[in-house]
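First up is the structure itself, then whatever we jot down about it.
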Amino acid sequence: MSALIDIRDISVGFAGRDGRTREVLRNIDLAVTPGECVGLVGESGSGKSTLALAAMGYLKRGLRLLNGSAAFNGIDMFAQSRQELERIRGGQLALIPQNSGQSLTPTLRVGAQLGEALRLHSALPADRHAAKVVELLGHVRLPDPESIVQRFPHELSGGQQQRVAIAMALAGEPEALLLDEPTTGLDVTTQAHILELLRDITTERGMAMVYVSHDLGAIARVCTRVVVMYAGEVVLEGSTRHVLKSPAHPYAQGLLASIPKLDDTTLPIALDGRPPAPGDAGAGCAFADRCALVRDRCRSTRPQLVPSESGGTARCFFAREAGRQQGRTIGAAPVRFSSGETMLDLDGLSISYARPRLLDQLLGRGTDVPPTVDDISISIGKGETLGLVGESGSGKSTILKTIAGLLPPAGGAVTAGNQALPHAVEQRAPGQLRQIQLIFQNPDDSLNPRHTVADILEQPLKLYFGLAGDKLRSRSAEILDRVRLGAHYLDRLPSQLSGGEKQRVAIARAFAAGPEIVLCDEVTSALDVSVQAAVLDLLNDLKKTQGTTYIFVSHDLAVVRALADRVAVLYQGRLCEIGQTDQVFEGESHPYTKVLLGAVLEPDPDAAPTLAADDIVERAPPASGCPFQRRCPRRLGEICDTDTPPWQSPEAGHFIRCHISLEDLNAA
Amino acid sequence: MTEIAATSTENTRLQRALGVLRDVMARPSGAIGLTLVTFHVILAIISPWIVPYDYRAMDSLSMLNGPSGAHWLGTDHLGRDVLTRVLLGGREALLVTGIATPVAVIWGGLLGIFFGLVGGRLDEVLMRVVDAFLSLPWILKMLVLIVTFGTGIEVLIPTLAFFYGIPVIRIARAATHDVVARDFVSAARARGHGRITVIRRELLPNVLDTLMVEGAMRWSWMLLAFSSLSFLGFGVSPPTPDWGLMIADARGFMSFAPWGVLGPVIALSSLIIGINLTADALAKALGIDRAQKAPV
């Protein structure tokens, strides 16, 4: 079958500050036939999105086409007039962007937006548009499409918005779809549902798809062929099975090894270093600096893409050797402490965001809204790592904020090392403040862009230890060294650091206080997988040397599995299950834990997620009964709505809060 | 970790300011704008020493003469040299707005940051007062004050500084809201830093960028307002030369002596365009996208 998307020898670049042209894409060929889904993977900055957009004849501002062509259906996209491009884009060739919440018009109802897409890109007569809109929304499996039509984008959840974006892309009956990280930022359960939908759509319609993602788990689920990109080049290409099961390139191997896996109890292996900046790759192989198999030849000669023996093509002189290396190395074992001492105790914590309305305030009435987080009692041992998991909106971060004193609870108590902590941060003693440190999700947001690394590290040192002058500087350098950054980083601004380096600085700032308890709020979710592995490794090392107690919040169960001693599962701000990591992941579990575990994607073409519950998003917890009552696939009946489920304990230290008896939980 | 090649490791405040200046000058809008502004400021300072005539010297024999060797831009209806008066006509405007702009940005900025920090109901109520104030036409409010207190620099500076500080409140408040919601502020609070430290170290550096661009914008608006007041006869009093006043005086003769209007109009608009271009380049150099913000 002839290729629908046919990119030949394309090179794209921009003019650097020194006037030199810096290439973002280097001589890439890509052909996609109908019915095929090609995955583009690589770290951020590898050029995968640029390549996908080039297929539409679109380049981001400042980029120029240096060489080659991009054809769609035999039409050269870079030679088309504006009108011609407008006709093709969105019609025959549709794009589904990463954050569709931002790409939908906030002031237009969903129905009107879809209607507009139909008007522009469909041959359907106008009087049949309304019916078609409902049909499209049903097609992307949105419940109750008739009511969705009337809603505004902000009234939908992230997953629903993404479905609307997909429906919009399908409106013009496209022959090809370009997907740019379509599930990044969505909950695991939502992501699994969207991927199933995309899989079914391609098979049903025989469309060609280009799927850009850094997530090999998602790629494994939808793609038939994978192209691995590095520094603007294709380094490995082959069927999904070949690339994921026997990658014939050291980079692809490194990427795979850096992904935490659900059945793996060791830490993922970090891929050290970072890719060269555009235009900085030398004469040899771009990956040479980070490669374990590097020889002299790699530094002087650039390898070509050649067929490898395991199928597919690889850009490596030692592809055969690389293939044999697979699966040899084992990651570091997570540090485990077992001391009986309690470090942090949460007792009946309840947190409410709802502010009483003016009328209620005047009448002295409380709100009848159930609190966002309720009845959280966990006690965490010294040196223990507690994983806190749940979907977005489950109250994970809220609990951390309350422990840190940023959000006073409505009820309950926080005790740290036998001392009851005052609720508000302003009332806490300096010692109590130093004891607990918080690391945020996104270092772009948690580091002041106007402060140098030295400024950032000096703040806790001055505040808690009163250091000054040379002592302050040398101590900062020492701390920086502990997160494996050199002293020359001290005078840099956050904007001069990479994402992983920024997060290291944020970690260094937290550890500068010499804390006993470190609260980690999704600390790796804004990072590339390769960088994530390095950060997890660092946290593990710091625990080894400092004996720190961690509370580790994450939506990624595989990450939690790798690091945590104990896991607490939250739904709608209420605990569902708590226990040792192995007990939660392998033993009997709460129906909600089962749903979460089932939705985890593995970078394995044979692993299919099980989709037990709907991916609807609830905005508020139910007033009574089990928090999971509305989505539970194993609902018993009325008892779930009315009675708070009892704690049941299948083993010492393992607790499940469910009405279903332990025997029945075990049976399923 | 690999080294970042050739990044400056010096990040002092001066270095940053110089870097921003370089960035402004590297942009066409910044280069043109800053050149225009600098040219006007220098001219305003040295003009008393370089003008060819006395600005008051009337010549009844050469009234409304066209451009000639003796009078490059011709003469006005009293026979005064237009070039002399154009060269001197920006001094008053630049002096008044040059003082009133920083005053406006400082008081408006401080109040805006305060509102932004306080938040809640007090902030809502006070902002509605600000909105109500902004909804009145500016010229009306200003004329009321000037009619009450009289004209002259000592009234004009506080009047302009007062009225032009009010929109700054809005901007400063919005910028504060943006910064306060960011995690580095939460991080500083969680560490236990005092309120003042958090404002001074975390908040101010980030809000100042926005205020600087806003100040440049306010300056150009204020110049326009000052010239409008002069045009209406409430600004500078004759015979002191001023562009607004000159345009008012010469507009009656525009059909047969257009040079009288053209000179001050070009001078005034080149200065305002220069300030706007500079503000534009500054916003881009500082990474603040003004195009997305409301023009209030």
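Structural remarks
Matching residues to (1) more than 23 Å from A:A526 (Cβ to Cβ); (2) among the small types (G, A, S):
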{"position": "A:R428", "(1), (2)": "yes, no"}
{"position": "A:Q441", "(1), (2)": "no, no"}
{"position": "A:N448", "(1), (2)": "no, no"}
{"position": "A:T452", "(1), (2)": "no, no"}
{"position": "A:A468", "(1), (2)": "yes, yes"}
{"position": "A:L480", "(1), (2)": "no, no"}
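Residue-by-condition table, conditions (1) surrounded by fewer than 24 Cβ atoms within 10 Å (Cβ to Cβ); (2) assigned to a helix (DSSP H, G or I); (3) in contact (Cβ under 8 Å) with a residue 24 or more places away in the chain:
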position: A:Q162; (1), (2), (3): no, yes, yes
position: A:A169; (1), (2), (3): no, yes, yes
position: A:L178; (1), (2), (3): no, no, yes
position: A:T184; (1), (2), (3): yes, no, yes
position: A:A192; (1), (2), (3): no, yes, yes
position: A:I201; (1), (2), (3): yes, yes, yes
position: A:Y211; (1), (2), (3): no, no, yes
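- Restricting attention to the stretch A:582-596, the residues that are part of a helix (DSSP H, G or I) and surrounded by fewer than 21 Cβ atoms within 10 Å (Cβ to Cβ) add up to 4.
- The stretch B:246-292, subset free of Cβ contacts under 8 Å to residues at least 60 places away in the same chain and closer than 20 Å to B:V96 by Cβ, residue nearest to the chain's Cα centre (by Cα): B:I272
- Residues that are within 21 Å of A:L542 (Cα to Cα) and of a type in the set (A, V, I, L, M) were ranked within the stretch A:445-471; the one that is nearest to the other protein chains (Cβ to nearest Cβ) is A:L447.
- For the stretch A:257-264, the criterion of being surrounded by fewer than 22 Cβ atoms within 10 Å (Cβ to Cβ), touching a Pro at 6+ places or on another chain (Cβ under 7 Å) and farther than 20 Å from A:C291 by Cβ is satisfied by no residue at all.
- In the condition set (1) modelled with pLDDT under 90; (2) touching a Ser or Thr at 6+ places or on another chain (Cβ under 9 Å); (3) buried (at least 23 other Cβ atoms within 10 Å of the Cβ), A:P443 is compliant with all but (2).
- Taking the stretch A:302-318 as the range and being at pLDDT below 75 and either surrounded by fewer than 16 Cβ atoms within 10 Å (Cβ to Cβ) or under 30 Å from the mean Cα position of the chain (by Cα) (or both) as the test, the residues that pass are A:E309, A:G311.
- Residue list for the stretch A:484-531, restricted to those being at the interface with chain B (Cβ under 10 Å from one of its Cβ atoms) and outside any helix (DSSP H, G or I): A:R484, A:L485, A:G486, A:L490, A:D491, A:R492, A:L493, A:L497, A:S498, A:A513, A:L519, A:D521
- A:G547 fulfils the conditions (1) among the small types (G, A, S); (2) more than 30 Å from A:H659 (Cβ to Cβ); (3) more than 14 Å from chain B (Cβ to nearest Cβ); (4) buried (at least 23 other Cβ atoms within 10 Å of the Cβ) except for a single criterion, (4).
- Filter result (more than 8 Å from chain B (Cβ to nearest Cβ) and loosely packed, with under 12 Cβ neighbours inside 10 Å) within the stretch A:427-437: A:Q427, A:G431
- Failed item in (1) touching a Ser or Thr at 6+ places or on another chain (Cβ under 9 Å); (2) at pLDDT below 85, with A:R20 passing the rest: (1)
- Flag: B:R85 does not match the condition of being without any contact (Cβ under 8 Å) to a residue 60 or more places away in the chain and surrounded by 18 or more Cβ atoms within 10 Å (Cβ to Cβ).
- Residue check for A:R574: modelled with pLDDT of 85 or more, closer than 30 Å to B:G287 by Cα and buried (at least 21 other Cβ atoms within 10 Å of the Cβ): no
- Residue count, the stretch B:111-144 (criterion: out of contact with any Lys or Arg (no Cβ under 9 Å at 6 or more places or on another chain), more than 26 Å from B:G194 (Cα to Cα), surrounded by fewer than 18 Cβ atoms within 10 Å (Cβ to Cβ) and aliphatic (A, V, I, L, M)): 8
- The stretch A:115-137, residues that are over 18 Å from A:E86 (Cα atoms) and small (G, A, S): A:A126, A:A130, A:A131
- The stretch A:568-594, residues that are within 23 Å of A:P371 (Cβ to Cβ) and among the aromatic types (F, W, Y): A:Y571, A:Y592
- Of the helices (runs of 4 or more DSSP H) contained entirely in the stretch A:242-327, those carrying at least 3 residues that are free of Cβ contacts under 8 Å to residues at least 24 places away in the same chain fall at A:296-300.
- Condition broken by A:R61, with the remaining ones in (1) within 18 Å of A:I96 (Cβ to Cβ); (2) free of Cβ contacts under 8 Å to residues at least 12 places away in the same chain; (3) not polar (S, T, N, Q) satisfied: (1)
- Residue count for the stretch A:399-422, restricted to those that are within 20 Å of A:C520 (Cα to Cα) and within 13 Å of chain B (Cβ to nearest Cβ): 10
- Hey, A:V373 free of Cβ contacts under 8 Å to residues at least 40 places away in the same chain and either more than 13 Å from every other protein chain (Cβ to nearest Cβ) or within 31 Å of the chain's Cα centre (by Cα) (or both) or not: no
- Qualifying strands (runs of 3 or more DSSP E) (wholly inside the stretch A:1-110; at least 2 residues being among the acidic types (D, E)): A:5-15, A:21-32
- Restricting the stretch A:412-459 to residues that are β-branched (V, I, T) and either part of a strand (DSSP E or B) or within 27 Å of A:R574 (Cα to Cα) (or both), the residue that is farthest from the chain's Cα centre (by Cα): A:T415
- Pairing each residue of the stretch A:483-497 that is basic (K, R) with any residue that is modelled with pLDDT of 80 or more and in a loop (DSSP other than H, G, I, E, B), provided the two are 6+ apart or on different chains, yields C-beta distances under 8 Å for A:R492/A:T452.
- Segments classed as helices (runs of 4 or more DSSP H), wholly inside the stretch B:171-262, with at least 1 members that are at the interface with another protein chain (Cβ under 10 Å from one of its Cβ atoms) and surrounded by fewer than 18 Cβ atoms within 10 Å (Cβ to Cβ): B:204-231
The values are calculated or read from the model by the stated rules, or taken from the named source; none is laboratory data. In this text the structure is predicted, and so the values were computed from the model without any measurement. Virtual Cβ from ideal backbone geometry, glycine too; neighbours counted across all protein chains shown.
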